[in-house]
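Rule-based calculations on the coordinates, nothing more; no lab input. Computed from a predicted model, the values in this text were never measured in an experiment. Please note: Cβ atoms are built from the backbone with ideal geometry, for glycine as well, and neighbour counts cover all protein chains shown.
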Amino acid sequence: MNTLDTAKALADLLLPQGWKIALAESCTGGLVCATLTQLPGSSDWFERGYITYSNEAKTECLGVPTELIESHGAVSEAVAKAMSEGAQGVTKVKAALSITGIAGPSGGSTEKPVGTVCFGWTIQNKGGDITTICDTQLFQGDRQAIREQAANFALTTLLKLLSS
């Protein structure tokens with residue numbers, strides 16, 4: 001399923017439930033938000049998106065502790081978790097997702113090569129408890145291909161998590 005089809009399936013799941021989502025994007029630079037808001041009526045289920053490209057933005061907008069970024073790096077599951085939890089905490093939506101990674105062509109290292117992308121999904125369950133799930137993927141290709149793969153993975157995983 002392509003990213004736009006996944007977004008449509010997500011909308012079909014969210015709308016009847018009255019659920020809304022929020023996003024915190026870094027390396028995708030708003031690509032996921034743009035995909036979601038292509039759909040007519042998206043304001044009924046899409047609350048807002050944060051493009052927190054800099055470390056300062058992650059801290060100022062989402063409350064990611066500076067010490068966390070310094071100790072784990074901006075591209076880490078710890079930071080992805082803090083980003084999605086920050087977005088969910090501010091908006092009080094059903095679910096928030098975050099993406100932080102290295103799209104390239106530079107910026108990679110041996111430990112975190114270009115294509116490394118960390119994700120966080122923070123979801124409020126029926127009982128009101130909040131759970132965060134994180135994952136790291138290594139995507140291949142040029143900058144745009146990595147960003148597109150990250151956007152698709154983030155939405156596909158969110159759809160699976162909300163469907164279960």
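What's the total number of residues in region 101-118 that are within 16 Å of Asn55 (Cα to Cα) and assigned to a strand (DSSP E or B)?
Residues that pass the stated criteria total 3.
Just checking, how many residues over region 3-28 are surrounded by 15 or more Cβ atoms within 10 Å (Cβ to Cβ) and more than 13 Å from Leu155 (Cα to Cα)?
Number of matching residues: 4.
Restricting attention to region 63-89, report how many residues are in a helix (DSSP H, G or I) and farther than 11 Å from Thr122 by Cβ.
10
Do you know which residues across region 35-46 are assigned to a helix (DSSP H, G or I) and touching a strand residue (DSSP E or B) at 6+ places or on another chain (Cβ under 7 Å)?
If the condition is that a residue be assigned to a helix (DSSP H, G or I) and touching a strand residue (DSSP E or B) at 6+ places or on another chain (Cβ under 7 Å), then Leu36, Thr37 are the ones that fit.
Answer with yes or no whether Ile130 is surrounded by fewer than 17 Cβ atoms within 10 Å (Cβ to Cβ), among the aliphatic types (A, V, I, L, M) and within 19 Å of Leu23 (Cβ to Cβ).
Taking the combined requirement at face value, the residue satisfies it.
May I ask you to verify whether Thr122 is out of contact with any strand residue (DSSP E or B) (no Cβ under 7 Å at 6 or more places or on another chain) and more than 15 Å from Thr28 (Cα to Cα)?
no
Search region 39-75 for residues being small (Gly, Ala, Ser) and surrounded by fewer than 20 Cβ atoms within 10 Å (Cβ to Cβ), and hand back the single one that is farthest from Leu15 (Cα to Cα).
Top of the filtered list is Ser71.
Residue-by-condition table, conditions (1) part of a strand (DSSP E or B); (2) out of contact with any Gly (no Cβ under 9 Å at 6 or more places or on another chain); (3) over 18 Å from Ala87 (Cα atoms):
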{"site": "Ala9", "(1), (2), (3)": "no, yes, yes"}
{"site": "Leu15", "(1), (2), (3)": "no, no, yes"}
{"site": "Ala22", "(1), (2), (3)": "yes, no, no"}
{"site": "Cys33", "(1), (2), (3)": "no, no, no"}
{"site": "Arg48", "(1), (2), (3)": "yes, yes, no"}
{"site": "Thr59", "(1), (2), (3)": "no, yes, no"}
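Within region 65-83, is even one residue in contact (Cβ under 8 Å) with a residue 40 or more places away in the chain and on the phi > 0 side of the Ramachandran plot?
Scanning region 65-83 turns up no residue that is in contact (Cβ under 8 Å) with a residue 40 or more places away in the chain and on the phi > 0 side of the Ramachandran plot.
Considering Gly107, Gly101, Gly115, which residue is farther than 17 Å from Glu47 by Cα and surrounded by fewer than 17 Cβ atoms within 10 Å (Cβ to Cβ)?
Unique residue meeting the criteria: Gly107.
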